[in-house]
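A.B. asks: Below is the structure I would like to discuss, written out as structure tokens.
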Amino acid sequence: MGVKKPEGERRTSPVAGAYTLVRSRRRTVGLEIRPDATLVVRAPMLAPVSYVESILMQRAGWISAKLALVRSRASLVPRHDFLTGERFPYLGQEWPFVVVAFQKQPLTFDAKTGFTLDVAAFDRGEVVFEEWYRTQARELLIERVQHYAPLVGVSVPRLRISGAERRWGSCSTSGTVSFAWRLVMAPMDVIDYVVVHELAHLREMNHSVRFWAIVASVLPDHDARRRWLKEHGGSLTI
């Protein structure tokens with residue numbers, strides 16, 4: 001799920017520019033603007049390219065507006081220089097950050113004061129933060145998977161924490177579920193959505209009506225949670 005880059009045919013349209021054409025057993029043409037400001041066009045297996053191009057021409061205004069919105073959001077994503085006064089995301093909140101001297105651990109977190117980085121680890125701040133996020137993600141996601149697996153109707157699967165940048169979670173045919181460590185930056189209800197989404201794939205390895213029915217049986221408000229991730233996922237970064 002999430003922001004995995006879809007496999008498909010790379011094409012260029014005079015109207016929409018570069019896009020990825022993905023064919024599947026669907027009846028209509030669907031357009032999706034990805035968080036990385038790329039256009040994905042999903043079309044029926046036998047739909048002529050000329051027909052797809054006509055849809056792009058009809059939706060040119062919508063495509064242009066959506067691309068501009070995504071690009072503007074991306075330009076607002078803060079870059080961290082690991083300086084005192086910056087803020088870092090964790091469990092849906094932005095926490096204060098300070099650099100100190102003579103701290104035993106490279107990075108610590110306190111629910112009242114936020115993050116503290118020892119000055120000796122300043123030059124490897126990004127690495128230290130990623131290690132910390134990975135540790136928190138593994139502990140939290142193990143607990144959430146164990147909680148939701150019975151509700152979804154599956155056994156507790158093997159769990160893997162990944163460094164994926166374009167995908168929040170995935171489920172392999174061997175039964176392993178993977179989650180991006182960045183997911184721990186999101187609110188708990190969004191984390192739970194991704195967990196349930198991937199667990200549901202253990203029953204339905206697709207995004208069929210049956211799949212979404214499984215998700216909805218556990219999280220009736222999954223649409224809102226999914227929408228939050230789509231709109232704000234790009235800001236979950238160090």
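A.B. asks: If you only keep lysine pairs separated by 8 or more in sequence, or across chains, how many in the chain come under 20 Å at the Cα atoms?
C.D. replies: Summing the qualifying lysine pairs gives 6.
A.B. asks: Given an 8 Å cut-off on Cα distances and at least 6 residues of separation, report the relative contact order of region 88-171 as a percent.
C.D. replies: Result for region 88-171 is 18 percent.
A.B. asks: Round to the nearest 10 and give me the degree value, 0 to 90, for the angle of helix 209-218's Cα axis relative to the longest principal axis of the chain.
C.D. replies: 30
A.B. asks: Residues with amide H under 5 Å of TRP168's amide H, sequence separation 5 or more or different chain, H placed in the peptide plane at 1.01 Å from N; which?
C.D. replies: GLY2, VAL3, LYS4
A.B. asks: Sticking with this one: Among SER72, ALA47, GLY61, whose Cα sits farthest toward the positive end of the charge dipole of region 9-76 (+1 at Cβ of Lys/Arg, -1 at Cβ of Asp/Glu, about the Cα centre)?
C.D. replies: Among SER72, ALA47, GLY61, the one farthest towards the positive end of the dipole of region 9-76 is ALA47.
A.B. asks: Using 7 Å Cα-to-Cβ label points, what is the VAL100/ASN206 separation (nm, one decimal)?
C.D. replies: With each label placed 7 Å out from Cα toward Cβ, I get 5.5 nm.
A.B. asks: Related question: Under a point-charge model restricted to the Cβ atoms of Lys and Arg (+1) and Asp and Glu (-1), what is the dipole moment magnitude of the chain relative to its Cα centre, in debye to the nearest 20?
C.D. replies: For this selection, approximately 1020 debye.
A.B. asks: Among MET205, MET45, MET185, which comes first, then next, by fewest other beta-carbon atoms within 10 Å?
C.D. replies: Fewest-to-most ranking of MET205, MET45, MET185: MET45, MET205, MET185.
A.B. asks: Arranged by the count of other C-beta atoms within 10 angstrom, fewest first, what order do TRP181, TRP62 take?
C.D. replies: Ordered from fewest to most neighbouring Cβ atoms within 10 Å, TRP181, TRP62 come out as TRP62, TRP181.
A.B. asks: As a test, work out the antiparallel percent of DSSP beta bridges whose residues both lie in the chain, rounded to the nearest 5.
C.D. replies: The answer is about 55 percent antiparallel.
A.B. asks: Considering only C-alpha atoms, what is the centroid distance from region 102-126 to region 156-190, in Å?
C.D. replies: Region 102-126 and region 156-190 have Cα centres separated by 26 Å.
A.B. asks: Placing unit charges on C-beta atoms (Lys and Arg positive, Asp and Glu negative, everything else neutral), compute the dipole magnitude of region 129-235 about its Cα centre in debye, rounded to 20.
C.D. replies: So the dipole magnitude of region 129-235 works out to roughly 280 debye.
A.B. asks: Using a/c under 1.5 as the rounded threshold, could you call region 164-226 rounded, prolate or oblate? The axes a ≥ b ≥ c are square roots of the C-alpha gyration tensor eigenvalues, and prolate needs a/b larger than b/c, oblate otherwise.
C.D. replies: oblate
A.B. asks: Right, next: Provide Rg and Dmax in Å for the chain, with only Cα atoms included in the calculation.
C.D. replies: Rg, Dmax (Cα atoms, Å): 20.2, 66.
A.B. asks: Can you find, among TRP212, ILE191, VAL177, the residue sitting farthest towards the positive end of the charge dipole of the chain, where Lys and Arg contribute +1 and Asp and Glu -1 at Cβ?
C.D. replies: TRP212
A.B. asks: Taking other Cβ within 10 Å of each residue's Cβ, how do PHE97, PHE179 sort, fewest first?
C.D. replies: Ascending Cβ contact count within 10 Å gives the list PHE97, PHE179.
A.B. asks: Let me ask something additional. Please identify every one of the trypsin sites (Lys or Arg not before Pro) in region 25-115 that sits in a loop by DSSP and has no more than 11 other beta carbons within 10 Å of its own beta carbon.
C.D. replies: ARG25, ARG27, ARG79, LYS104, LYS112
Read the figures in this text as sums done on the coordinates, not as results from a lab. On a predicted model such as this, the values are computed, not experimentally measured, just so you know. Please note: Cβ atoms are built from the backbone with ideal geometry, for glycine as well, and neighbour counts cover all protein chains shown.
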